[in-house]
Amino acid sequence: MHRFNFVSKGLCSLVVLGLIGSPSALPLNARTIAQPETKLLQRPHPVNCSIFSDRNDRARRGQIGVTGSRVSNTMRQSSPVSVVPAPPPPVAPSPPPASGVSKSIARGAVAAETRIAPYPLPRPRPQLEDRERYDGKNVASIKRVADEPVSTFGVDVDTGSYSNVRRFLNDGQMPPEAAVRTEEMINYFRYDYPKPRNRDTPFSITTDMAKTPWNDSSKLLRIGLRGYDVGSNERPRANLVFLVDVSGSMGSRDKLPLVKSTLTALSNELRRDDRVSIVVYSGTVGLLLAPTSNKAHVKQAVDCLYASGSTAGGDALKLAYATARDNFLSNGINRIIMATDGDFNVGTSNTEQLKKYVSEQRKTGVTLTMLGYGTGNIRDELMEGIANVGNGNYAYIDSAMEAKKVLADELSSTLFTIAQDVKIQIEFNPAHVKEYRLIGYENRLLAEEDFDNDLIDAGDIGAGHQVTALYEIMPTGASGWLPERRYPGNRTEQRRPGLNGEMANIKLRYKLPNRKNSKLITRQIDSAELRAASAPRGDMAFAIAVAAFGQKLRGDKYLGSYGHKNINLLTGSGGDYWRQEFRQLNSLAAGQTRS
């Protein structure tokens, strides 16, 4: 009898410890077809902080890399990973040393706040390898109206370039020329465009003209769009999946702490009928927060976040799209918001492969917004490219204020699309314009025939979004940029009767959300506006100042000797916080030289 009791107690202990189980039991951290997502979502508590507890155990055993690869391979064939809830670790472990930095230096950097520094403040920082990547395009060249009278491009509402430039200048550096996209600099700010009269046409169209401050011979044509506004209570329900990079490269103060600030700002804007999920990834991928509208649960999940491991971004996207599809709202907003420094180094990381995958997934109705963070690893070309094909937008978060701006103050603009595949085409009349150039939009240019092709993807406009485009135009009769051609047949066309009153014809094409066929808007610009153009002032002057700032940073040869002092005078005085900050950034740039 005593022997039986001893054996029984031993078996019971093994069962409790999980060493003996039924043949149908699933291993911890596994999700298979036999255990669908719908069952997991019925758990009483949606926060899975044990993702990090499990990773801590494996990190101590030196198994992060191996397990990460195994989970990543499984992700390609099965449904998302989930885990049983458990308390978060009391103290997050220190991230592993970065590649190329000695262990002693890395330990010193991590423990800097807990030991006495042997150096006078500020303490020296370990110099990490700069792996930032940008896909800069050459400044658009001058076009002769006799050769190319038509200019076509897709709109761009991204603002990532401006805040990234701000980060460089605040750090005492000049940004790389390839990092500057002038159209994103201009579109970072709001201008005094009128609201649309009604929502039948989702945006208003404004055109105005001014003399060019840096060229006495040319004029500047501004085309402005403003989408209709939507309040928080008016927008559709939102199914949001936050995809958060928690790899080791996200451990610095300008990365994961700002991600937490971003998520907190978002949670404060949630409505009761919205749903938010959080997928996290490093060497492994997991569902940290099941869909919920409970702000306390979101904040609890945010408190769990810490960084370590490699970066399986490609596999994480698959889980994020699967989560978004599982909770799809047929008449709502379905969007993934990815927060990363872009340093994908495990699984699919090729830019073109990722863009192809995201392009296919947008057909399901799930869109993608990219939020970039930090320094040293930024893959700007990847994040902007993915956002473009994902029918979303790209923003760079360099401060808690920027996080609040993007996902609190401008949440409806970020989430709710009111017009898709918006294209602008302008045809200049050679009777009045001999040459022109589009300032910015180098990576948004379209072929002339693409304008009427509804299968060609272009930029989307969200509620309240604004889009500004500036053309520098050279009137007929001015000396111009280009030399006169020898043969008469190659020269500027002569005036044609009947169209002398028109300087240009503007066409806009757009689709209403989830519609296949586009709508067309046309507007003519009278040549009298060209003759009446005066020196820029007010709102127009500020837009031109920002354009000049972007061109100056890019080394644009058409700006001539126009400098930062001229730009400062053009900005005027006053304005909101962001305009006043711009003047400070211009002053910082004036005091620095490009290395």
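The values are calculated or read from the model by the stated rules, or taken from the named source; none is laboratory data. Given the structure is predicted, the values throughout are model-derived calculations rather than measurements. Virtual Cβ from ideal backbone geometry, glycine too; neighbours counted across all protein chains shown. Surface accessibility is based on the protein's heavy atoms, side chains included, excluding ligands, DNA and RNA. Shrake-Rupley method; radii C 1.70, N 1.55, O 1.52, S 1.80 Å.
General observations
- The range 286-301 versus the range 346-405: alpha-carbon centroid distance in Å: 22
- Taking θ as phi - 60° and the Karplus parameters 6.51, -1.76 and 1.60, the scalar couplings of the range 297-302 work out to 5, 4, 5, 5, 5, 4 Hz in sequence order, x denoting glycine and proline.
- Here's how it looks for D274: its modeled amide H is under 5 Å from those of A238, which are all 5 or more places away or on a different chain.
- Ordering of 475-482, 506-513, 315-322, 229-236 by burial proxy (mean other Cβ atoms within 10 Å per residue, highest first): 315-322, 506-513, 475-482, 229-236
- Relative contact order [Cα under 8 Å, 6+ residues apart], the range 442-595, whole percent: 14
- Based on protein heavy atoms only, the range 386-427 ends up with 23 Å² per residue of surface accessible to a 1.4 Å probe.
- Label point of Q592 set 7 angstrom out along Cα-Cβ; within the range 367-384, amide nitrogens under 17 Å from it belong to 374-378.
- Built amide H within the under 5 Å cut-off of M503, gap 5+: I525, D526, S527
- What the phi angles of the range 521-535 give under the Karplus curve with 6.51, -1.76 and 1.60, with θ = phi - 60°, is a coupling list of 10, 10, 7, 9, 10, 6, 5, 5, 5, 5, 6, 8, 4, 10, 4 Hz, glycine and proline written as x.
- The residues of the range 179-319 present an accessible area of 32 Å² per residue when probed at 1.4 Å with all protein chains retained.
- Rounded to the nearest whole Hz, the Karplus-based 3J(HN,Hα) values (6.51 cos²θ - 1.76 cosθ + 1.60, θ = phi - 60°) of the range 383-392 follow the sequence 5, 5, x, 5, 4, 4, 7, x, 6, x, with x at glycine and proline.
- Cα gyration tensor, the range 473-560 - rounded (a/c under 1.5), prolate or oblate: oblate
- Protein heavy-atom accessible surface, 1.4 Å probe, per residue over the range 488-567: 55 Å².
- Label point of R199 set 7 angstrom out along Cα-Cβ; within the range 230-245, amide nitrogens under 18 Å from it belong to 230-239.
- In this structure the amide hydrogen of S247, modeled in the peptide plane, comes within under 5 Å of the amide hydrogens of S308, none closer than 5 places in sequence on its chain.
- For the range 495-574, with all protein chains in place and a probe radius of 1.4 Å, 47% of the accessible heavy-atom surface sits on carbon or sulfur.
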